[in-house]
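Remarks on the structure that follows.
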Amino acid sequence: MTTQPIKGDDRNRVVIFDTTLRDGEQCPGASMTFEEKIEVAELLDAMGVDIIEAGFPIASEGDFHAVSEIAKRSQNAVVAGLSRASIKDIDRCAEAVKHAHRPRIHTFLSTSPVHMKWKLQKEPHEVFEMVVAQVTRARNHVDNVEWSAEDGTRTEIDFLCRCVEAAIKAGATTINIPDTVGYTTPSEYAQLFRTVRERVPNSDKAVFSVHCHDDLGMAVANSLAGVDGGARQIECTINGIGERAGNAALEEIVMAMRVRNDVLPYWNEINAQMLTRASKLVSAVTSFPVQYNKAIVGRNAFAHESGIHQDGMLKHTQTYEIMLPEDVGVSKTSLVMGKHSGRHAFREKLKELGYELGDNALNDAFNRFKALADKKKHVYDEDIVALVDDEIAQANDRVKIVSLTVIAGTQGPQQATLVLDIDGTHKTTQATGNGPVDAIFNAIKSLVPHQARLQLYQVHAVTEGTDAQAEVSVRLEENGHTVTARGADSDTLVASAKAYINALNKLAQKRQSVNPQTAYG
Ligand code: KIV
Ligand code: ZN
């Protein structure tokens, strides 16, 4: 069994185009802050993604700023921005990507009868002219232009071929035929690429691309079928996030090509050992939990529960595993961490999970790990990741939690007594509320006055069992800026307080970056 990258024939090299920051971010509730987008982009770049679609620059100032910054920072990847067919869109996109060492403009237009009639309210001949105009405009800015026939899989084939031919003639270097509504099937999509490539006379002048949505659960299968049909670029997202049911999941595509290279003889440059880390990061910044049974990166993807499976695994791992967990960044041995584990084992564990901490941060994390191990029967990898992420998030914070005592139960009012360290000074307060979380948030508000509005409060258990660590996500909004922060603890109420305080610290950093005189409140 090999899951190592198999570099083969150059003609079978597939370009990985990641659109987590554009199509992924477009799905309800997945918006990311500027800093979070930069963090995700840096990881994608380091992981070997060929093209990062960093956003939709015309959509907002924030999107423009993020695309522009990612363009400046990207070391290896091509940085693309999305634009509709209008001149304003394309010019704004060009402005945003111009600092990339390899910029791309991705411009799209609907070509299906239903989109042309109802969405664009245009006749096919008008759409055809717009295709030529949009690609020509984009090519005046950059050499690397992608054109997408939105709703391509529901487009009449003759018209699709005419548009593709015209786009290539106008200078498009990549032609994307998206399955915008997740409607196609593998054999149909493969045939679509074969037909277009055969019928369009200049098709050899462009790279063909797949872009599949998962409305019928076939996005990954369709993408791979499109490659069988001759496409050599796959557009996908980490964890498959995206509009509605999402996009094709990058991690599944990469590992399908690797594990089943015998029947899918294609290859890419992704460092698969970073897949788990990328999945966790995207899940954390979007607050979208990864489904436990998600292929490749789900918590259960390499877990074995039943006696028969465990017995098989103990005899030979290939009985129930088709790939090596370490090849996707999951530690091979489940080194059980508990209260008897020492600092050395803890440091090794962190390394295995992808963390290199300095001595002080390591000591703090180790002390917190020991405290957790005292309270909890099993400390899982996820607990350690939550704990260290929490530690890193708090390192530069001006407000820190010192202690919290809560009175809860049926005899209200619920009451919180809170001590915070604010810029090195301890401040204490007591507050009541409509439930313990409300009491805690009221106490925080009285010590750190602010106008921010709570938009989201979400709790999930990091691992199973009643002693599991809770991970709380809080989203706050203030003057149009939103921040999302997490807090983890074995006590849900403490995790709630940490998440809220982390969000206030993030808001304070944001305020300070705009106006360095501004402190809290
Ligand atoms: O799904 C789609 O058609 C898109 C295009 C903008 C490429 O996301
Ligand atoms: Zn899409």
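None of Met218, Met274 is open to solvent by 30 Å² or more (accessible area, probe 1.4 Å) and within 16 Å of ligand 1 (Cβ to nearest atom) except Met218. If I ask for residues that are crowded, with 21+ Cβ neighbours inside 10 Å, part of a helix (DSSP H, G or I) and of a type outside the set (Ser, Thr, Tyr), which ones from segment 180-195 would you list? Of everything in segment 180-195, those that are crowded, with 21+ Cβ neighbours inside 10 Å, part of a helix (DSSP H, G or I) and of a type outside the set (Ser, Thr, Tyr) turn out to be Ala190, Leu192, Phe193. Taking each residue of segment 241-254 that is more than 13 Å from ligand 2 (Cβ to nearest atom) and looking for partners that are small (Gly, Ala, Ser) and assigned to a loop (DSSP other than H, G, I, E, B) with beta-carbon atoms closer than 8 Å, six or more apart or interchain, yields Ala249/Ala295; Glu251/Ala295; Glu252/Ala295.
Against the numbered list (1) over 20 Å from Lys506 (Cβ atoms); (2) open to solvent by 60 Å² or more (accessible area, probe 1.4 Å), Ala461 comes up short only at (2).
Here Asp383 passes the criteria (1) outside the structural domain of Lys339 (by TED's automatic domain parsing); (2) in contact with a Leu (Cβ under 7 Å, 6 or more places away or on another chain) except the one numbered (1). Taking the conditions exactly as written (of a type in the set (A, V, I, L, M), under 25 Å from Leu476 (Cα atoms), buried (at least 17 other Cβ atoms within 10 Å of the Cβ) and modelled with pLDDT of 95 or more), does Ala94 satisfy them or not? Against the criterion (of a type in the set (A, V, I, L, M), under 25 Å from Leu476 (Cα atoms), buried (at least 17 other Cβ atoms within 10 Å of the Cβ) and modelled with pLDDT of 95 or more), Ala94 does not qualify. Number of residues in segment 443-458 that are under 33 Å from the mean Cα position of the chain (by Cα) and open to solvent by less than 60 Å² (accessible area, probe 1.4 Å): the value is 5.
Among the residues making up segment 235-270, a single one is open to solvent by less than 30 Å² (accessible area, probe 1.4 Å), more than 14 Å from the chain's Cα centre (by Cα) and among the charged types (D, E, K, R): Arg258. Scanning segment 18-33 for residues that are hydroxyl-bearing (Ser, Thr, Tyr) and assigned to a helix (DSSP H, G or I) yields one hit, Thr20. Residues of segment 405-412 include at least one that is in a loop (DSSP other than H, G, I, E, B) and surrounded by 13 or more Cβ atoms within 10 Å (Cβ to Cβ). Contact map, segment 15-40: residues that are within 16 Å of ligand 2 (Cβ to nearest atom) paired with residues that are among the aromatic types (Phe, Trp, Tyr) and at pLDDT 95 or above, Cβ distance under 9 Å, separation 6+ or inter-chain. Pairs shown: Arg22/Phe56; Glu25/Phe56; Gln26/Phe56.
For segment 364-380, check the following and say yes or no: at least one residue is under 28 Å from the mean Cα position of the chain (by Cα), without any contact (Cβ under 8 Å) to a residue 24 or more places away in the chain and crowded, with 18+ Cβ neighbours inside 10 Å. For segment 364-380, residues under 28 Å from the mean Cα position of the chain (by Cα), without any contact (Cβ under 8 Å) to a residue 24 or more places away in the chain and crowded, with 18+ Cβ neighbours inside 10 Å: absent. Criterion first (within 16 Å of ligand 1 (Cβ to nearest atom) and open to solvent by 10 Å² or more (accessible area, probe 1.4 Å)) does Ala206 satisfy it? Yes. Is one or more of the residues making up segment 222-234 assigned by TED's automatic domain parsing to the domain that holds Glu150 and within 10 Å of ligand 2 (Cβ to nearest atom)? Taking every residue of segment 222-234 in turn, none turns out to be assigned by TED's automatic domain parsing to the domain that holds Glu150 and within 10 Å of ligand 2 (Cβ to nearest atom). For segment 48-62, how many residues are out of contact with any Asp or Glu (no Cβ under 8 Å at 6 or more places or on another chain), of a type outside the set (S, T, N, Q) and surrounded by fewer than 24 Cβ atoms within 10 Å (Cβ to Cβ)? Count: 3.
The values are calculated or read from the model by the stated rules, or taken from the named source; none is laboratory data. This is a predicted model, so every value here is computed, not measured. A quick note on method: Cβ atoms are made from the backbone with ideal geometry, for glycine too, and the neighbour counts reach across all protein chains shown. Heavy atoms of the whole protein, side chains included, go into the accessibility calculation; ligands, DNA and RNA do not. Shrake-Rupley method; radii C 1.70, N 1.55, O 1.52, S 1.80 Å.
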